[in-house]
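Student: Got a structure for you, questions after.
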Amino acid sequence: MCEAFKRTERLLGSAAMEKLKNSDILLFGVGGVGSFVAEALVRSGVGNLTIVDNDDVCVTNINRQLHATVHTVGRPKTEVMRERLLTINPECNIRTFEHFYLPDDDGGIITDKYDYIIDAIDTVSAKIDIIIKAQALDIPIISCMGTGNKLHPEQLELSDIFETSVCPLCRVMRTELKKRGVKKLRVVYSKEQPIIPKYDEEQDNGRKKAPGSTAFVPSAAGLIIASEVVNNLAQDLR
């Protein structure tokens, strides 16, 4: 597969590509953000990737998730994503956990074997637990904040959580992390004011209302995360 990554190698160099091939990355969530993270990492030559997600592909995922098509609706996201990634690099070692991560049901997934952890999930309590465990093991981690109800990918930024503004999820995370003594966290977030979505009351039928989403904001966040991970792993080897 070395020829597949020649264009990347021209920028990063052979030593960095070898480092990426031997790196082991843990990704929580393969939705609108995480599916683009996973694919960009594999297309960059990452050789070992573990993906964790409990959801099946839903028809409402088609507008923004790489693995969501009319042919994959109803199948587990981890399974479909693994199949897709192996068509890109059959030599990549891809492990999957069909698991809904919670602090009291973490599945023993986080260990010191990983070189990087990526949080692309929505549940605040789970995000906090993943962050605390990663930092306790001294594993670099990057976390995605809210990408729903946004229309402008150009307003996404990389920052420390304690230097963020505007994003409602960032506000909650800053408060909760400060309570737990967390002093820093690399995040991707948007400075765009959230848009109030339009709901069809008859269609939603009393269910919890999901945020609006697009094909371009979650995907852009995922690609920014992948670039941060690849550049950090390749740092000083270029």
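Student: Of the residues Glu9, Glu79, which is of a type in the set (Asp, Glu), more than 18 Å from Ala221 (Cβ to Cβ) and in contact with a helix residue (DSSP H, G or I) (Cβ under 6 Å, 6 or more places away or on another chain)?
Tutor: Glu9
Student: Right, another one. With respect to Gln155, determine if the residue is in contact with an Asp or Glu (Cβ under 6 Å, 6 or more places away or on another chain) and under 30 Å from Glu192 (Cβ atoms).
Tutor: The answer is yes for Gln155.
Student: Can you tell me which residue is nearest to Ser227 (Cα to Cα) among those in the range 105-124 that are part of a loop (DSSP other than H, G, I, E, B) and charged (D, E, K, R)?
Tutor: For the range 105-124, the residue satisfying everything is Asp115.
Student: Taking the range 1-16, which residues are surrounded by 13 or more Cβ atoms within 10 Å (Cβ to Cβ) and either of a type in the set (D, E, K, R) or free of Cβ contacts under 8 Å to residues at least 60 places away in the same chain (or both)?
Tutor: Passing the criteria: Phe5, Thr8, Glu9.
Student: In the range 2-45, which residues are more than 15 Å from the chain's Cα centre (by Cα) and on the phi > 0 side of the Ramachandran plot?
Tutor: Result: Gly13, Gly45.
Student: A further question follows. Within the set of pairs 6+ apart or on separate chains, which have a first residue in the range 168-188 that is among the acidic types (Asp, Glu), a second that is at pLDDT 95 or above, and C-beta atoms under 6 Å apart?
Tutor: Sorted first by the residue in the range 168-188, then by its partner, the pairs are Glu176/Ile128.
Student: Continuing with the same structure: Kindly check whether there is at least one residue in the range 92-104 that is closer than 25 Å to Asn231 by Cα and either part of a loop (DSSP other than H, G, I, E, B) or without any contact (Cβ under 8 Å) to a residue 12 or more places away in the chain (or both).
Tutor: Yes, because at least one residue in the range 92-104 is closer than 25 Å to Asn231 by Cα and either part of a loop (DSSP other than H, G, I, E, B) or without any contact (Cβ under 8 Å) to a residue 12 or more places away in the chain (or both).
Student: Which of the helices (runs of 4 or more DSSP H) contained wholly in the range 1-85 include at least 2 residues that are among the polar types (S, T, N, Q)?
Tutor: By residue number, 14-22.
Student: Sort through Ser159, Ser143 and tell me the only one that's small (Gly, Ala, Ser), in contact with a Lys or Arg (Cβ under 7 Å, 6 or more places away or on another chain) and either touching a residue at least 40 places away in the same chain (Cβ under 8 Å) or surrounded by 15 or more Cβ atoms within 10 Å (Cβ to Cβ) (or both).
Tutor: Going through Ser159, Ser143 in turn, the sole match is Ser143.
Student: Is there any pair linking a residue in the range 116-139 that is of a type in the set (S, T, N, Q) to one that is in a helix (DSSP H, G or I), with Cβ under 9 Å and at least six apart or on different chains, and which?
Tutor: The qualifying pairs are Ser125/Glu176.
Student: While we're looking at this one, here's another question. Can you name the condition, by its number, that Lys209 falls short on among (1) modelled with pLDDT under 95; (2) under 30 Å from Leu49 (Cα atoms)?
Tutor: Here Lys209 meets the rest and fails (2).
Student: Which one of these is touching a helix residue (DSSP H, G or I) at 6+ places or on another chain (Cβ under 9 Å) and part of a loop (DSSP other than H, G, I, E, B): Lys183, Lys198, Lys209, Lys127?
Tutor: None of the other options fit; the residue is Lys183.
Student: Check Asp56 against each of (1) touching a helix residue (DSSP H, G or I) at 6+ places or on another chain (Cβ under 8 Å); (2) buried (at least 19 other Cβ atoms within 10 Å of the Cβ) and name the one condition it does not meet.
Tutor: Failed condition: (2).
Student: Condition check: closer than 30 Å to Asn22 by Cα and surrounded by fewer than 21 Cβ atoms within 10 Å (Cβ to Cβ). Does Asp119 satisfy that?
Tutor: no
The values are calculated or read from the model by the stated rules, or taken from the named source; none is laboratory data. Just so it is clear, the model here is predicted, and its values are computed rather than measured. In this analysis, Cβ positions are derived from the backbone assuming ideal geometry, glycine residues included, and neighbour counts consider all displayed protein chains.
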